[in-house]
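Step one of this worksheet: look at the structure below.
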Amino acid sequence: ANLAGGSHHAFADHGEGFSVFHDMAVAVRVLQREDGLQRAGIIDCDVHQGNGTAAIFQHDPRVYTCSFHGEKNYPFRKATSRLDIALPDDTGDAAYLEALQTYVPRMLHEARPELVWYQAGVDPYDGDKLGRLSLSLEGLRQRDQYVLETCRAANIPVVVTMGGGYATRMEDIVEAHCNTIRVACQLASAPGLAAMEQGSHAKLRR
C-alpha cells in the first residue's frame, strides 16, 4: 500500500487533474518488462474516472481497466476503460456496494489478473466537496473490505494506492484513508497469507 500515488488522470504525454505522471502505469510497465507480468488488473474506485489509465492501456490486452465513478463528475469527456461503471449522483452505500458485488467478480473472471492495482479514492464520501456519490465512512470501509477480500479469496495480490479526499473536515479524509489501511492490515494478518504470497510469486516467475 502506498499512502500517495494513484495518479490516474495523467496520460503518457501530459499530466491532468492533479496528476503529474501515472505511477500505476509506470509500475505495470516495469513489471511487464522485468518480471514477466502477463495479466494485470486495475480497479479504480475514485469518484472521478481514471481517464489516463483507460487511455494508456486502451490497446494493451494484458491490462484490464475497471472504473467505478460518478457519471456526471470530472472528467466530463470520459475515456473508455475495459469496464466502466458510471454511477448517478447520490448513489449511496447500498447501491454502490451492489455495483461492486456485480462487477468486481466479473472483472476478475474476465481479466484473470496476476496482480491488481486498487485505486482507493475516498472522494465518493458524502462530505466530499467534489464527490456527489454520498457514501458514508462506513460505506467506504465496506467498499475497501469487499474489493480486498474478493481479490484475496481469488489468491490475487493487490497494490493499494490512495486518491481523492476533498472533504470539508480534514479528519474525515484522514479517517477514510486510515480505514483503507486498517482493512488491508487486518487481511494481511489473517491466516493463509504466507501461502497466498508464495503462490503469487510463483505465478510471476512463470
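Observations on the model:
- The P(r) of the chain has a tail past 25 Å containing 31 percent of all C-alpha pairs.
- Sites Phe21 and Ala86, calculated FRET efficiency, Cβ-Cβ separation with R0 22 Å, nearest 0.05: 0.25
- Listed peptides 112-121, 149-158 appear in the order 112-121, 149-158 once ranked by packing, highest mean of other Cβ atoms within 10 Å at the front.
- Filtered trypsin sites (Lys or Arg not before Pro), segment 116-149: DSSP coil and at most 11 other beta carbons within 10 Å: Lys129
- Mean Cβ count within 10 Å, highest first, over the residues of peptides 169-178, 1-10: 1-10, 169-178
- Accessible surface, segment 32-144, averaged per residue in Å² (probe 1.4 Å): 42 Å²
- Of the accessible area of segment 1-106, computed with a 1.4 Å probe over protein heavy atoms only, carbon and sulfur atoms account for 52 percent.
- Listed values for segment 26-31 are Karplus-derived 3J(HN,Hα) couplings in whole Hz (6.51 cos²θ - 1.76 cosθ + 1.60, θ = phi - 60°), namely 4, 4, 4, 5, 5, 5, and x replaces Gly and Pro.
- Nonlocal amide H pairs with Val122, under 5 Å, H built at 1.01 Å: Gly163, Gly164, Gly165
- Spacing of the two label points (7 Å from each Cα toward its C-beta) at Val174 and Glu110, in nm: 4.0 nm
- Qualifying chymotrypsin sites (Phe, Trp or Tyr not before Pro) in segment 1-57, where qualification requires a DSSP coil assignment and no more than 13 other C-beta atoms within 10 Å, comprise Phe18, Phe21.
- Here each label is just a point 7 Å from Cα along the line to Cβ, and for Tyr146 and Phe76 those points are 3.1 nm apart.
- Amide H partners (placed H, <5 Å) of Val159, local residues excluded: Val116, Trp117, Tyr118
- Note, ³J(HN,Hα) from phi for segment 132-145, Karplus 6.51, -1.76, 1.60, rounded to Hz, x at Gly and Pro: 5, 8, 6, 8, 7, 4, 5, x, 5, 4, 5, 4, 4, 4
- Phi-derived couplings, Karplus 6.51 cos²θ - 1.76 cosθ + 1.60 at θ = phi - 60°, listed residue by residue for segment 154-170: 8, 6, 10, x, 10, 9, 9, 10, 9, x, x, x, 10, 6, 5, 8, 4 Hz, with x used for Gly and Pro.
- DSSP finds beta bridges in the chain, and of those with both partners inside it, around 10 percent are antiparallel.
- When the charge dipole of the chain is built from unit charges on Cβ atoms (+1 for Lys and Arg, -1 for Asp and Glu) and taken about the Cα centre, the candidate among Pro61, Thr161, Gly92 whose Cα reaches farthest toward its positive end is Pro61.
- The dipole here belongs to the chain: it is taken about the Cα centre, uses +1 on the Cβ of Lys and Arg and -1 on the Cβ of Asp and Glu, and is about 760 debye.
The values are calculated or read from the model by the stated rules, or taken from the named source; none is laboratory data. Owing to the predicted nature of the structure, the values given are computational and were not obtained by experimental measurement. Every residue, glycine among them, receives a Cβ derived from its backbone with ideal geometry; neighbour counts consider all protein chains shown. The protein model used for the area step is the full one, side chains on, heavy atoms only, and it has no ligands, DNA or RNA in it. Shrake-Rupley method; radii C 1.70, N 1.55, O 1.52, S 1.80 Å.
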